[in-house]
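Some notes on the structure that comes next.
The values are calculated or read from the model by the stated rules, or taken from the named source; none is laboratory data. Everything numeric here is computed off the predicted structure, so don't read it as measured data. No Cβ is skipped: glycine too gets one built from the backbone with ideal geometry, and neighbour counts run over all protein chains shown.
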Amino acid sequence: MTEVNGTVSPKFEPVRDAVEDQLRSGTEVGLSLAVDVDGHKVVDLWGGHRDAARTRPWQRDTLTNVWSITKTVTSLAALLLVDADELDLYSPVARYWPEFAANGKQGVEVRHLLSHTSGVPGLDHPARLEDLYDVRAAAARMASQKPWWEPGTASGYHVLNYGHLVGELVRRLTGLPLREFVHQHIVERLGADFQIGLRDTDAERVADVIAPQLDFDPSTLDHDTAAYKTFTGPSFDAGVANTPAWRAADLGAANGHGNALAVAEILAPVARAGASAHGQFLKPDTIGLIFDEQSNGADLVNGLHLRWGIGYALPDRRTLPWIPDGRIAFWGGWGGSMAIMDLDRRMTISYVMNNMGADILGSPRATSYTTAVYRALGVNSPY
C-alpha cells in the first residue's frame, strides 16, 4: 500500500482513511489535501506518486498543474485591487480598458468578467492554443470581438481566457503581468508555493498530469452555440499541460502550479474574514462582494447548473450536493481537484492531484474527502 504522509488532527483521522482508501484502490495516483480551520492546519496530507508508472513518490513540495483552481487565485488578484479602491466591480470594463467597448461591449462590467457572464468566453475562429500564449495579443482580440450572448444574462464558462480578461485589467491598473502581480502581491505576502506558469528551476518537482479518457468531441456540438465556439476557440487536450510551452505561459485561467497546502494558504484569508498569518489581507466588506449572485442557471458552455457570485461559484445542490449551503465560495479544476472556502466555519479545503477523472467539476474522490471533512465537524451530508 502507498504511504500517506503528513498530519491530521485527531477528529480528522477519517479524512486520512478516505485518502488511504483511494490510494489503495488505485483510483488516486498522487495527491495533496489540506484543510485550514481558522489558521490551524487540521489536515496536511500528501501521498502516492508523481508519475503514472508509480515510480517517483509524491513529496511534500511536489507541484502540479491545478487547472481551473488557478481562476480562484486570479479572482483574488482582482479582489485585492477592489480592496485598494483601484477597481470597481460595477463599472464598465472599458473604464480601464477602452478597447473592450468595441462591438457592443460598452456595457460589460468588471463583475461580468469575474462571473463568466461577459459573453466573451473564447476566441473567435480561427483560433489555436498557441494564440493564447501571446497574452496581450489574445486579450486584444477578445476586446475586439462581439459577445456571443447578451452579457449579464447567463454564464458561459470562460475556460481558458479568464486570466486574459482579468489579467488585462490587472496590467492596465498596475503595469504588471498577472503572473507577476500574483507573485508579488499574493504568493510572497502569504508565503505560498504557487506560481502561474512554472519556473524552469522547479521543473524537477512537478507531477505531470495524467490525462483522462474522454468521449467528448466538441465538433459534434451545434456550431452556433457558445459551447462549440468556446471549446474550439481554441481546442486543446489535457496532455498539453505537460509541455514546456504551456508551463511557460501566463494563463491565469488554467496553468497555475502548486499543491493543496499552497492553495489553502492563498485562499484561507477569504474564509477567515480577510485574516492571514501575515496580517490582514482583505477587508471583510470586500469578501462580502463574492456573494453578490450574478447568475443562477444552466451554464451556456459547460452545461452545469451553476450559481456564480463574483469570482467564485456559490453552493448549488443540483450540481454538487456534497457542498453544504451557507456562505461558501468554491471552484474546482478539470479532472476533480477542488478549493472550498467556508466562511461560516472559517475553513478552507484544498485538494489537488495528478490523475484526472472525466469530471467537469468535482469527482468521487473530492466528494469522499470533502464529506469526510464535514462529517468530522458534525455536518450532515447526503453522502
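Of all residues in segment 274-303, how many are assigned to a loop (DSSP other than H, G, I, E, B) and surrounded by 17 or more Cβ atoms within 10 Å (Cβ to Cβ)?
Within segment 274-303, the subset assigned to a loop (DSSP other than H, G, I, E, B) is 274, 277-278, 281-283, 292-294, 299-303.
Filter once more, so that each one left must be surrounded by 17 or more Cβ atoms within 10 Å (Cβ to Cβ): 274, 281-282, 294, 299-302.
Summing the residues that are assigned to a loop (DSSP other than H, G, I, E, B) and surrounded by 17 or more Cβ atoms within 10 Å (Cβ to Cβ) in segment 274-303 gives 8.
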Quick check on my filter: what residues within segment 68-126 are outside any loop (DSSP other than H, G, I, E, B), crowded, with 24+ Cβ neighbours inside 10 Å and either over 18 Å from the mean Cα position of the chain (by Cα) or at positive phi (or both)?
93, 100, 110
Just one of (1) out of contact with any Asp or Glu (no Cβ under 8 Å at 6 or more places or on another chain); (2) assigned to a loop (DSSP other than H, G, I, E, B); (3) at pLDDT 95 or above trips up residue 233, so point out which.
(1)
Only one of 38, 21 is modelled with pLDDT of 95 or more, under 24 Å from the mean Cα position of the chain (by Cα) and surrounded by fewer than 24 Cβ atoms within 10 Å (Cβ to Cβ), namely 38
Inter-residue pairs, beta-carbon under 8 Å, first farther than 9 Å from residue 353 by Cα and without any contact (Cβ under 8 Å) to a residue 60 or more places away in the chain and in segment 26-43, second surrounded by 23 or more Cβ atoms within 10 Å (Cβ to Cβ) and among the charged types (D, E, K, R), 6+ apart:
42/36
The conditions are (1) in contact with a helix residue (DSSP H, G or I) (Cβ under 6 Å, 6 or more places away or on another chain); (2) closer than 21 Å to residue 225 by Cβ, and residue 96 fails exactly one of them. Which is it?
(2)
Which numbered condition residue 153 misses (of (1) under 21 Å from the mean Cα position of the chain (by Cα); (2) among the hydroxyl-bearing types (Ser, Thr, Tyr); (3) over 21 Å from residue 332 (Cα atoms))
(1)
